[in-house]
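One structure is given below, encoded as structure tokens.
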Amino acid sequence: MSASRYTYLGPEGTFTEAALRSLPEAATRELVPMVSVPAALDAVRGGDASAALVPIENSVEGGVTTTLDELASGEPLMIYREVLLPIAFALLVRPGTAIGEVKTVTGHPVAQPQVRKWLAAQLPEAVWESAASNADGARLVQEGRYDGAFAGEFAAATYGLEPLVTDIHDAQNAATRFVLVGRPARPASPTGADKTSVVLWLREDHPGALLELLQEYAVRGVNMTRIESRPTGEGIGRYCFSVDCEGHITDRRVSEVLMGLRRVCREVRFLGSYPRADEVTASVRPEMTDSAFTEASDWLARCLDGRG
């Protein structure tokens, strides 16, 4: 395995590359753009890279389904950290293009809902066609296939384009969450501001099945930060659930949630415990702290020993 190589959703000039370059270790790694999320992750599975940075969630559109599905299937991988990147788009055009000349535009499908209102107000006649990535859209504009691309302003120089309009976003404070993914290993030590991610498959479909999963978190005071259903491919109505929660696997409340899920689910895929990018610490009720679990275990041991 090449420990010095990181892959990411390319080509050069994507928001994913910008997020990856925000990591301190990126300065000492070979950063290799890949054509898709599956390709970036398969390079890790195959030993051609030690880690891959891929988008997993957008504050406007929600989960990035390709990433969620890839992490739920195939050879297991683990999340080691996350990156939050504020997102604002620029309309990139070939030099000398006036806004009235922009008749066709492109960008990643996730970008469209983030610029839809601006596009309707400023370029109502423009035709949108999706590209594999925002940077790929910029490349297509460079080649003359489209008049404009919605991408990061930083991509303009890479593709010989100029930003005609900058700071485009329909939603204030829009951000995309990225995850650094590697092969399974021991999770990093807890920081006090952590997340734990899993994928869950129901043992059988019955009334209250999802509630049973939720109760494993609720009764132990563990806050879920995201839950999304994804089709399993086994037929209509068959879903798995991708879940993030506050806390680390070494926290007693979280470890007991995972054990409870393992009992009631057909399958649980542990995707890792890792530091939160926003460094927000979990609010833990007194009865859900590690010391409270330890005290309860000690009490039970005394009962079993006849000293209860």
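Here the label points at A175 and E75, each 7 Å from Cα along the C-beta direction, are separated by 3.3 nm in the simple model.
May I ask you to derive the FRET efficiency for T281 and R21 from their Cβ-Cβ distance with R0 = 22 Å, giving the value to the nearest 0.05? Please report the intermediate quantities before stating the final value.
Numbers: r = 27 Å, r/R0 = 1.24.
After rounding, the FRET efficiency stands at 0.20.
Relative to the Cα centre, the charge distribution of the chain, modelled as +1 at Lys and Arg Cβ and -1 at Asp and Glu Cβ, gives a dipole magnitude of about 540 debye.
Applying the Karplus relation 6.51 cos²θ - 1.76 cosθ + 1.60 with θ = phi - 60° to region 57-67 yields 3J(HN,Hα) values of 7, 10, 5, 9, 9, x, x, 8, 4, 4, 5 Hz, where x marks Gly and Pro.
Could you give the dipole magnitude of region 203-259 about its Cα centre, charging the beta-carbon of Lys and Arg +1 and that of Asp and Glu -1, in debye to the nearest 20? Mind showing how you got there, number by number?
Values: 7 positive and 10 negative charges, 15 e Å.
Taking the Cα centre of region 203-259 as origin, the dipole is about 80 debye.
Extent along the principal axes, Cα only, for region 89-168: 27, 25, 23 Å, with the longest axis given first. Note on the chain: helix-only mean residue ellipticity at 222 nm, from DSSP H runs of 4+ residues weighted -39500 (n - 2.57) and normalised by residue number, equals -8000 deg cm²/dmol. Measuring only protein heavy atoms, the 1.4 Å probe finds T16 accessible over about 10 Å². Across region 13-27, coupling constants 3J(HN,Hα) worked out from phi with the 6.51/-1.76/1.60 Karplus curve, θ = phi - 60°, read x, 7, 4, 4, 4, 4, 5, 5, 5, 7, 7, x, 6, 4, 5 Hz, and Gly and Pro carry x. Dipole orientation for the chain: of the candidates A193, F178, S130, A193 has the Cα lying most toward the positive pole (charges on Cβ; Lys, Arg +1; Asp, Glu -1).
Where (i) 32; (ii) 45; (iii) 28 are the candidate values, the label of the one calculated here for percent of Cα pairs over 29 Å apart is (ii).
For the chain, the relative contact order is 20 percent, taking Cα pairs closer than 8 Å that sit 6 or more residues apart in sequence and dividing their mean separation by the residue count.
For S59 and S297, what is the calculated FRET efficiency with R₀ set at 45 Å and r taken between the beta-carbons, to the nearest 0.05? Numbers along the way, then the final one.
Numbers: r = 40 Å, r/R0 = 0.89.
Computed FRET efficiency for S59 and S297 comes out at 0.65.
The portion of the accessible surface of the chain made up by carbon and sulfur, rounded to a whole percent, is 51 (1.4 Å probe; DNA, RNA and ligands excluded).
Exposed loop sites were defined as GluC sites (Glu not before Pro) in DSSP loop states (anything but H, G, I, E or B) carrying at most 11 other C-beta atoms within 10 Å; in the chain the longest segment without such a site runs 1-124. Taking every DSSP beta bridge that has both ends in the chain, the antiparallel portion is near 75%.
Could you tell me which of V93, I79, F15 has its Cα farthest along the dipole of the chain towards the positive end, charges placed at Cβ (Lys, Arg +1; Asp, Glu -1), taken about the Cα centre? Going by the charge dipole, the pick is I79. Any chance you could look up the accessible area of R252 with a 1.4 Å probe, heavy atoms only, rounded to 10 Å²? Accessible surface of R252 is approximately 70 Å².
For a label point 7 angstrom out from the Cα of L211 toward its Cβ, which stretches of region 254-296 have the backbone nitrogen within less than 20 Å? Only 260-266 fall inside the zone, counting backbone N under 20 Å.
Could you give the accessible area per residue of region 187-307, probe 1.4 Å, as a whole number in Å²?
Averaged over the residues of region 187-307, the accessible area is 55 Å².
Taking all protein chains into account, the per residue accessible area for region 89-168 stands at 45 Å² (1.4 Å probe). Once backbone amide H atoms are built at 1.01 Å from N, A151 has A90, L92 as its partners under 5 Å, excluding neighbours fewer than 5 places away on the same chain. Divided by 2.2 N^0.38 Å, where N counts the residues, the Cα radius of gyration of region 187-307 comes to 1.17. Taking θ as phi - 60° and the Karplus parameters 6.51, -1.76 and 1.60, the scalar couplings of region 222-232 work out to 9, 7, 7, 9, 6, 9, 9, 9, 9, x, 8 Hz in sequence order, x denoting glycine and proline.
The values are calculated or read from the model by the stated rules, or taken from the named source; none is laboratory data. A quick note: this is a predicted structure, and the numbers were derived from the prediction, not measured. As a convention, Cβ positions derive from the backbone with ideal geometry for all residues, glycine included, and neighbour counts pool all protein chains shown. Remember, those area values only see protein heavy atoms, side chains included, never the ligands or the DNA or RNA. Shrake-Rupley method; radii C 1.70, N 1.55, O 1.52, S 1.80 Å.
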